[in-house]
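Quick note: the coordinates plus some simple rules give every number you see, no bench work behind them. These figures come from a predicted structure and were not determined experimentally. Positions of Cβ are generated from backbone atoms using ideal geometry, with glycine treated the same way; all protein chains shown enter the neighbour counts.
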Amino acid sequence: MTTLTINGKTVEVDADPSTPLLWALRDNLAMTGTKFGCGMAACGACTVHINGQATRSCVTPVSAAAGSKVGTIEGMPDDKIGRAVLAAWIQHDVAQCGYCQNGQVMSAVGLLRSKPRPTDADIDQAMAGNVCRCGTYQRIRAAIKDAARAIA
């Protein structure tokens, strides 16, 4: 058993310590907002926050999250920055197929936590590991800028 704090709640996960956090969230805790994309930390669909840092959960063992604060997309409506990002995503109609969007949102929230007024270069750097097959990158950038203004 591994004890995790997810979205402010302490939970026990009955999984091998080497199990990727992604699968512990999805299979053991039925938290399906975090998506499997590539399994190699290359696409960003599985992004969660560990102690506020955007982290790829597909390559992070559940044991590495023990004793840390884990944030998932399910917790974003309860987070000031998360709410601002979600509202901007809707305002800019960012999602097309939507598969990558949970990871995109988590990366955007992580960026705005560390840089509340990001430049285009900051946005490019923070979002570089998130792939959107539909190509909504310009809407993502606009949504991040609007969310930054909303939390300022």
Mean shadow area of region 2-74 over all directions, Cα convex hull, nm²: 4.0
Extreme residue, positive dipole direction of the chain, given options 67, 86, 24 (C-beta unit charges): 86
Point-charge dipole on Cβ atoms (K/R +1, D/E -1) for the chain, about Cα centre, debye to 20: 460
Percent of alpha-carbon pairs separated by more than 20 Å within the chain: 43
Principal-axis tilt of helix 80-91 within the chain, Cα atoms, nearest 10 degrees: 60
Sorted peptide list for 10-20, 34-44, criterion being average Cβ within 10 angstrom, highest first: 34-44, 10-20
Nearby aspartates and glutamates by direct alpha-carbon distance to residue 80 (threshold 16 angstrom, same-chain neighbours under 8 apart not counted): 146
